[in-house]
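Worksheet: one structure, shown below.
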Amino acid sequence: MAEAERMIEQRNVQMCVYCGVEAGTTRDHVPPKSIFPPGDRKDLVTVPACEKCNGGASSLDEEFKAMLNLKAGSEHPASRSLWDGSTLRGIKRNRRFLSTLRSRMLTAHLEFPNGEVTKNQRLINWGGESHDRTVERIARGLHFHDIGAQIGRLAIEEGCG
């Protein structure tokens with residue numbers, strides 16, 4: 001066991017559930033706190049995370065929230081509330097993400113099994129880093145919360161989750 005890990009263990013500090021290298025000195029919400037409407041943010045699951053893993057994920061969480069909100073639609077009051085509030089503001093502030101959204105948009109004619117056809121339906125391809133890394137963090141965090149053990153270590157070139 002490395003000296004740093006031994007010192008952390010002796011002080012009864014948990015390791016970061018994502019990288020497994022640094023001390024989990026912060027608490028990360030899994031799933032991300034931002035995907036819940038402000039009134040529904042009670043009793044959320046948190047897990048130990050180092051500063052780098054927790055802080056490095058905030059922009060991914062915002063993109064994840066926006067895409068999730070776009071996929072959920074606006075019929076449900078909670079989804080509508082998030083869209084009208086922080087989601088739309090976040091998209092407008094983040095020109096890079098807005099450009100990415102536009103590049104992923106396509107228009108299609110959809111035909112349903114009942115014969116109904118919708119023309120010029122806008123679709124967005126949800127792929128990439130914000131989806132994959134956020135879903136991985138959620139899976140790792142919930143596994144740790146429920147089982148009490150880490151799932152390996154994240155192998156990310158530019159830092160943690």
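Where a number appears in this text, it was derived from the coordinates with a stated rule and is not lab data. Note that this is a predicted model, so its numbers are computed, not measured. Quick reminder, even Gly has a Cβ in these numbers, built from the backbone with ideal geometry, and neighbours come from all protein chains shown.
Key figures
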read-out: Top positive-direction residue, dipole computed over the range 3-147 with Cβ charges, set His29, Leu98, Gly55; value: Leu98
read-out: Helix axis angle, 95-104 relative to the chain longest principal axis, alpha carbon, degrees; value: 60 degrees
read-out: Dipole magnitude of the chain about its Cα centre (Cβ charges: Lys, Arg +1; Asp, Glu -1), debye to nearest 20; value: 680 debye
read-out: Residues Arg89 and His143, FRET efficiency given R0 of 41 Å [Cβ-Cβ distance, rounded to 0.05]; value: 0.80
read-out: Highest-fluctuation residue, Lys119, Lys52, Lys65 considered, GNM on the chain with Cα pairs under 10 Å; value: Lys119
read-out: For the range 1-130: span of alpha carbons on each principal axis (Å, largest first); value: 65, 33, 30
read-out: Pairs of lysines in the chain (C-alpha under 20 Å apart; 8 or more residues apart or interchain); value: 8
read-out: Net charge of Cβ neighbours under 13 Å - reference Gly90; Lys, Arg +1; Asp, Glu -1; value: +2
